Amino acid sequence: MGGRRKRKKVMKRVVHKAPKVFRCPNCDAISVTVSDEDEEVLVSCSNCNLSSRLEKVRNYEPVHYYNLFVDKYHSGEVQNKG
Ligand SMILES: [Zn+2]
């Protein structure tokens, strides 16, 4: 006897609730949402309609796409149409 028993504690998965609505670099409203589509992710502002489709990246969270979106906006790749 005397077997060493290693008990693995089942860790509860902590779910961080990441914000899902972000500030728009164009109109400054908190109305940018990130929606998951099949192959891409659509980042769009419901206030001024600024939007961009981004390629999906594994393990990216909405905030990462949002950051990309802001970068693109500042580099002139994303423009408000109309
Ligand atoms: Zn906007």
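What the table below lists for this structure:
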quantity: Within the stretch 38-82, tally of residues that are among the hydrophobic types (A, V, I, L, M, F, W, C), in a helix (DSSP H, G or I) and within 15 Å of the ligand (Cβ to nearest atom); calculated: 2
quantity: Per-region count, the stretch 13-37, residues assigned to a loop (DSSP other than H, G, I, E, B) and either within 15 Å of residue 51 (Cβ to Cβ) or at pLDDT 80 or above (or both); calculated: 8
quantity: Counted residues, the stretch 53-72 - those being closer than 14 Å to residue 22 by Cα and in contact (Cβ under 8 Å) with a residue 12 or more places away in the chain; calculated: 8
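The values are calculated or read from the model by the stated rules, or taken from the named source; none is laboratory data. As the structure is a computational prediction, the values presented were derived from the model and not from experiment. FYI the Cβ positions are ideal-geometry reconstructions off the backbone, even for glycines, and counts take in every protein chain you see.
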